[in-house]
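Colleague: First, the structure itself, so that you have it in front of you.
The values are calculated or read from the model by the stated rules, or taken from the named source; none is laboratory data. This is a predicted model, so every value here is computed, not measured. As a convention, Cβ positions derive from the backbone with ideal geometry for all residues, glycine included, and neighbour counts pool all protein chains shown.
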Amino acid sequence: MKMKGLVYREFFLSRKIIILEYMFAFIVIVMGILTRISMLYGNMAMLDRETLDSADNFTYYFFLYIPVIIMSCPLFSVIRSTVTDFNGKWMEMQYTFPVEESGWVIAKWIKNAIISVVAFVIGIVNAGIIKSIAEQRLSFIKDSELKAIVIIISLMFVLSCIFMFISCRYKSYNGVIARIAAIAILGYIGVMLYIYRELDKFIVKHSEFDVEQGMGIFLMHEYNKLMNINIYVKLIIAFIICATAVLMYVLTVRQLKRREM
Amino acid sequence: MNSKMEIDMDNYKYENAIEIKEISKKYKDFSLNNISFNVPKGSIVGFIGQNGAGKTTTIKSVLNIIKTDSGRINIFGMDNVKDEKKIKEDIAVVFDEMPFQEEFTPNNLNKIMKSIYDSWDEVVYKGYVERFGIPYNKKIGELSKGMKMKLQIATALSHNARLLIMDEATGGLDPVVRSEILDIFFDFIQDESNSILMSSHITSDLEKIADYIVFIDRGNILLSGYKDDILSEHAIIKCAKDEFVNIDKEYIVSSRQSEFGVEALTDDISKFEDKYKGMVIDRATLEDIMVYYVKRNTDNIKKG
C-alpha cells in the first residue's frame, strides 16, 4: 500500500492541531459531565424547576454537540496542508513518486476519515455518559442526538473534501480562504433568511408566546422536524452527502492531473 | 548523443536513459522551442544555461510535472506519460530546495519513503545518512543547507534508481560540500546502467563530472555534445582592436571590447589557428562558452 507513507505524513503534519483540538474537546466533555452532575445531584439541582429545565435542555445539547464539532475541526487542516504542499516543493516531489494522484487524495481522506470515526466514537461515549448520569440508557434507534452527531461529522467531512478541492484549485492560502469565506457568508445569509422567515410565520401563528419564548420553541420545533424527517428524505440527504464526496474526489483528482505547476 | 534507440520494454534494453524529441511549451512570457536531446545510459549530462533559460521547465516536462504542448519524451525507452508510474519507480530527483517539511527528521522520511517505493532500501538509506553525518532524529529545519541537500541526495539514492535528475542541486552550496556531492555522483555512475541529468549554472561542477553538455538559452538549445569536444573546439582569442577588425567573423561566436583590446570566443579553434597564426589563444571554460553564447543571443535580439 504505497499511500501508507503519505497517510503517516498527513498525520505527522496535523498531529499538533489534532492533539490540541482533542484536548480542548476533552476539557469541554469533562465540563459537561460535571455540569450535568451538578444539575442532577449538586448545587444546580436546587434551582427552580423552570430554570433548571431550560438550563438542562441547553447544557445537554451544548455539551453533546460542541465536543463533536471541536473534534471535527482538524478536518479543516486539509486547507493548510494542501496549500503548503503546493507552495513548498512537496507537490513537485510528489509528482516524481510512483503513486497515482488518486493515492494522494485518498491519503488525506483516510486521515480525515480516521479523525471522523474517532470523533464519532468519543461523541457516542460522551452521549452515553451524559445519559447514564441521569440514569437513562442511550438508544441508537430512539435518540435523535446520535443522528445529529452523524450529520455533524458527515457535513464536516464533506466540507473538508470541498475545501481540499478548492485548495488544489486555487493553491494560495488567501485565495482559498476568500472563496470559502464567500461560500460560508452566502450559506449563513441563506440559513438566517430561512430562520427569520419561518420564525416570523411561527410567531404570527402562535401569538400566545413572546418573541424570546417563541424563538426557543421554534428552534426546538425545527430541530425535532429535522431529526424526524421522512426516511426518503433521509436517504436523499445521505445520497447528496455521498454524491458530493464522490464528486469532490473526482474533481480533486482531475485537478491534480492537470499538472498546473 | 543521438545514438540509435533500442527499446525492449520487458527487459529495459535502451541506449538512452532519456530521449527528448522536439518538445515545446508556451507560457505567456516564455516558451520552450522544439527542445531535443538525449541522456545516454551510463553517462552524466550537464544541462547548463542562465537563470530562466528553460532548464527547470525542461526537467519538469521530463518528469511530467507539467504537460508539454508538443513533442515526445521517452525514459528507459518508455513513454514518460503513458508509463509514468513504472518509470518513476526508477527515477530519483533532487531539487534546488528541500521538498520535505522542516519538522520531519531523517527517521520520519524513512517511514514515508519505504511505503512509496517498492525498492526502498532502508539499510542503504541509513548508510548514506550515517556517511553524511546527518543526525537521524534531528529535524530538517535544524540542519544546515549542505546537510539538507545531502539528505535529499540520500533519499534520492536509496531506492535503487537508475536515473538521477538534479535541478540546480548544487547551487548555493560551499565548494567543500559540492565536492563531496560530486564524489557521490561519481560513485553512483560507477554502475554503467545508471545515468545522471544535472542542471546547473555552476559550470565548474559540470566541467569536472559531465560527459555531455546541453546548453539552453531563452528556451532554445544553443549547443550540445561531448563536453571534451565542446571544450576543445572553443577558445578565447585575445587581440588588439585593429587586429580584430581583420578577423573573419564566421569564426567568432561573440566578442567583448575594452580599452585594452578585444576578447572573443571562437567555436572552431583548429581552423582559426590555421588562418590566424601568432594570436594569443586561451583555453575556454564552460562558463566562458556560456557567457559568449548568451551574449551573441542578446546581441542578435537587440539587432532584431
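Colleague: Please work out if A:Gly128 is of a type outside the set (A, V, I, L, M, F, W, C) and under 30 Å from A:Ile79 (Cβ atoms). Show your work before the answer.
Modeller: Numbers: of a type outside the set (A, V, I, L, M, F, W, C): yes; under 30 Å from A:Ile79 (Cβ atoms): no.
So A:Gly128 fails the test.
Colleague: Tell me the residue from A:Glu208, A:Glu222, A:Glu198, A:Glu145 that is modelled with pLDDT under 90 and outside any helix (DSSP H, G or I), please. Even if it seems obvious, please write down each step before you answer.
Modeller: On the way: A:Glu222 fails: outside any helix (DSSP H, G or I); A:Glu198 fails: outside any helix (DSSP H, G or I); A:Glu145 fails: outside any helix (DSSP H, G or I).
Unique residue meeting the criteria: A:Glu208.
Colleague: A further question on this structure: Give me the residue from segment B:66-75 that is modelled with pLDDT of 95 or more and closer than 22 Å to B:Ala169 by Cβ and, out of that set, surrounded by the most Cβ atoms within 10 Å (Cβ to Cβ).
Modeller: B:Ile75
Colleague: So if I check each of A:Ser132, A:Ser172, which one is at negative phi, surrounded by fewer than 14 Cβ atoms within 10 Å (Cβ to Cβ) and touching a residue at least 24 places away in the same chain (Cβ under 8 Å)? Working first, answer last.
Modeller: Working: A:Ser132 fails: touching a residue at least 24 places away in the same chain (Cβ under 8 Å).
Answer to the selection: A:Ser172.
Colleague: Right, B:Ile75: under 20 Å from B:Ser195 (Cα atoms) and at the interface with chain A (Cβ under 7 Å from one of its Cβ atoms) or not? Outline the logic, then answer.
Modeller: Values: under 20 Å from B:Ser195 (Cα atoms): yes; at the interface with chain A (Cβ under 7 Å from one of its Cβ atoms): no.
In short, no.
Colleague: Does B:Lys145 meet the test of being out of contact with any strand residue (DSSP E or B) (no Cβ under 9 Å at 6 or more places or on another chain), without any contact (Cβ under 8 Å) to a residue 24 or more places away in the chain and surrounded by 12 or more Cβ atoms within 10 Å (Cβ to Cβ)? Walk me through it before giving the result.
Modeller: Details: out of contact with any strand residue (DSSP E or B) (no Cβ under 9 Å at 6 or more places or on another chain): yes; without any contact (Cβ under 8 Å) to a residue 24 or more places away in the chain: no; surrounded by 12 or more Cβ atoms within 10 Å (Cβ to Cβ): yes.
Spelling it out, it is not the case that B:Lys145 is out of contact with any strand residue (DSSP E or B) (no Cβ under 9 Å at 6 or more places or on another chain), without any contact (Cβ under 8 Å) to a residue 24 or more places away in the chain and surrounded by 12 or more Cβ atoms within 10 Å (Cβ to Cβ).
Colleague: Which pairs have Cβ atoms under 7 Å, sit 6 or more apart or on different chains, and link a residue in segment B:171-192 that is in the same structural domain as B:Thr56 (by TED's automatic domain parsing) to one that is of a type in the set (Val, Ile, Thr) and in a loop (DSSP other than H, G, I, E, B)?
Modeller: Here the result reads B:Gly171/B:Ile202; B:Arg178/B:Thr170; B:Ile181/B:Thr170, each pair linking segment B:171-192 to a residue that is of a type in the set (Val, Ile, Thr) and in a loop (DSSP other than H, G, I, E, B).
Colleague: Now a separate question. Scan segment A:111-122 and tell me whether some residue there is in contact (Cβ under 8 Å) with a residue 24 or more places away in the chain and over 29 Å from A:Met1 (Cβ atoms).
Modeller: Checked against the condition, which is being in contact (Cβ under 8 Å) with a residue 24 or more places away in the chain and over 29 Å from A:Met1 (Cβ atoms), segment A:111-122 yields no hits at all.
Colleague: OK, next. Every residue in segment B:238-251 that is touching an Asp or Glu at 6+ places or on another chain (Cβ under 8 Å) and either at pLDDT below 90 or under 19 Å from B:Asp299 (Cβ atoms) (or both), please.
Modeller: B:Tyr251
Colleague: Moving to a separate point now. Taking the stated definitions as given, is A:Val78 closer than 20 Å to A:Phe163 by Cα, away from chain B (no Cβ under 14 Å), touching a residue at least 24 places away in the same chain (Cβ under 8 Å) and part of a helix (DSSP H, G or I)? Walk me through how you get there before you give the answer.
Modeller: Numbers: closer than 20 Å to A:Phe163 by Cα: yes; away from chain B (no Cβ under 14 Å): yes; touching a residue at least 24 places away in the same chain (Cβ under 8 Å): yes; part of a helix (DSSP H, G or I): yes.
Yes, satisfied.
Colleague: Name the residues in segment B:259-302 that are in a helix (DSSP H, G or I), within 16 Å of B:His234 (Cβ to Cβ) and β-branched (Val, Ile, Thr), would you?
Modeller: Answer for segment B:259-302, where residues must be in a helix (DSSP H, G or I), within 16 Å of B:His234 (Cβ to Cβ) and β-branched (Val, Ile, Thr): B:Ile269, B:Ile289, B:Val291, B:Val294.
Colleague: Which condition number does B:Asn51 fail, the rest of (1) of a type in the set (S, T, N, Q); (2) within 11 Å of chain A (Cβ to nearest Cβ); (3) out of contact with any helix residue (DSSP H, G or I) (no Cβ under 7 Å at 6 or more places or on another chain); (4) assigned to a loop (DSSP other than H, G, I, E, B) being met?
Modeller: (2)
Colleague: Which members of segment B:108-135 meet the condition of being within 11 Å of chain A (Cβ to nearest Cβ) and not small (Gly, Ala, Ser)? Break it down stepwise before answering.
Modeller: Let us first name the residues in segment B:108-135 that are within 11 Å of chain A (Cβ to nearest Cβ), namely B:108-120.
Selection gives B:Asn108, B:Leu109, B:Asn110, B:Lys111, B:Ile112, B:Met113, B:Lys114, B:Ile116, B:Tyr117, B:Asp118, B:Trp120.
Colleague: If a residue has to be in a helix (DSSP H, G or I) and either modelled with pLDDT under 95 or touching a Cys at 6+ places or on another chain (Cβ under 7 Å) (or both) to count, how many in segment B:131-140 make the cut?
Modeller: Of segment B:131-140, the ones in a helix (DSSP H, G or I) are B:131, B:140.
Filter once more, so that each one left must be either modelled with pLDDT under 95 or touching a Cys at 6+ places or on another chain (Cβ under 7 Å) (or both): B:131.
So the count comes out to 1.
Colleague: Exactly one of these conditions fails for B:Val93: (1) in contact with a Lys or Arg (Cβ under 8 Å, 6 or more places away or on another chain); (2) within 13 Å of chain A (Cβ to nearest Cβ). Give me its number.
Modeller: (1)
Colleague: Only residues that are at the interface with chain A (Cβ under 7 Å from one of its Cβ atoms) and surrounded by 18 or more Cβ atoms within 10 Å (Cβ to Cβ): list them for segment B:79-88, please.
Modeller: B:Lys88
Results for (1) buried (at least 20 other Cβ atoms within 10 Å of the Cβ); (2) more than 24 Å from B:Gly42 (Cβ to Cβ); (3) in contact with a strand residue (DSSP E or B) (Cβ under 6 Å, 6 or more places away or on another chain); (4) not aliphatic (A, V, I, L, M), shown as yes or no for each residue.
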| residue | (1), (2), (3), (4) |
| --- | --- |
| B:Phe100 | yes, yes, no, yes |
| B:Asn107 | no, yes, no, yes |
| B:Lys114 | no, yes, no, yes |
| B:Val123 | no, yes, no, no |
| B:Glu130 | no, yes, no, yes |
| B:Asn137 | no, yes, no, yes |
| B:Ile140 | yes, yes, no, no |
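Okay, residues lined up against (1) within 28 Å of B:Asp121 (Cβ to Cβ); (2) basic (Lys, Arg); (3) in contact with a Gly (Cβ under 9 Å, 6 or more places away or on another chain):
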residue	(1), (2), (3)
B:Lys145	yes, yes, yes
B:Gln152	yes, no, no
B:Arg162	yes, yes, no
B:Val177	yes, no, yes
B:Asn194	yes, no, yes
B:Tyr212	no, no, yes
B:Leu223	no, no, no
B:Asp228	no, no, no
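Colleague: Could you say whether any residue in segment A:81-88 is closer than 24 Å to A:Phe26 by Cα, without any contact (Cβ under 8 Å) to a residue 60 or more places away in the chain and surrounded by fewer than 22 Cβ atoms within 10 Å (Cβ to Cβ)?
Modeller: Step one: of segment A:81-88, the residues closer than 24 Å to A:Phe26 by Cα are none.
No, the conditions are met nowhere in segment A:81-88.
Colleague: Shifting gears a bit: Does A:Ile106 satisfy the condition of being under 30 Å from B:Leu164 (Cα atoms), in a helix (DSSP H, G or I) and within 14 Å of another protein chain (Cβ to nearest Cβ)?
Modeller: Values: under 30 Å from B:Leu164 (Cα atoms): yes; in a helix (DSSP H, G or I): yes; within 14 Å of another protein chain (Cβ to nearest Cβ): yes.
For A:Ile106, the condition - under 30 Å from B:Leu164 (Cα atoms), in a helix (DSSP H, G or I) and within 14 Å of another protein chain (Cβ to nearest Cβ) - is met.
Colleague: Does B:Leu143 meet the test of being within 10 Å of another protein chain (Cβ to nearest Cβ) and either among the β-branched types (Val, Ile, Thr) or within 27 Å of the chain's Cα centre (by Cα) (or both)? Quick ask: steps written out before the conclusion?
Modeller: Working: within 10 Å of another protein chain (Cβ to nearest Cβ): no; either among the β-branched types (Val, Ile, Thr) or within 27 Å of the chain's Cα centre (by Cα) (or both): yes.
Answer is no for this residue.
Colleague: In addition: Take A:Leu251 and tell me if it is farther than 28 Å from A:Asp200 by Cβ and part of a helix (DSSP H, G or I).
Modeller: Numbers: farther than 28 Å from A:Asp200 by Cβ: yes; part of a helix (DSSP H, G or I): yes.
For A:Leu251, the condition - farther than 28 Å from A:Asp200 by Cβ and part of a helix (DSSP H, G or I) - is met.
Colleague: Run down A:Gly5, A:Gly42, A:Gly88, A:Gly103 and say which single residue is closer than 30 Å to B:Ile87 by Cα and out of contact with any helix residue (DSSP H, G or I) (no Cβ under 8 Å at 6 or more places or on another chain). Don't jump to the end; show me each part of the working.
Modeller: On the way: A:Gly5 fails: out of contact with any helix residue (DSSP H, G or I) (no Cβ under 8 Å at 6 or more places or on another chain); A:Gly42 fails: closer than 30 Å to B:Ile87 by Cα; A:Gly103 fails: out of contact with any helix residue (DSSP H, G or I) (no Cβ under 8 Å at 6 or more places or on another chain).
Of A:Gly5, A:Gly42, A:Gly88, A:Gly103, the one residue that is closer than 30 Å to B:Ile87 by Cα and out of contact with any helix residue (DSSP H, G or I) (no Cβ under 8 Å at 6 or more places or on another chain) is A:Gly88.
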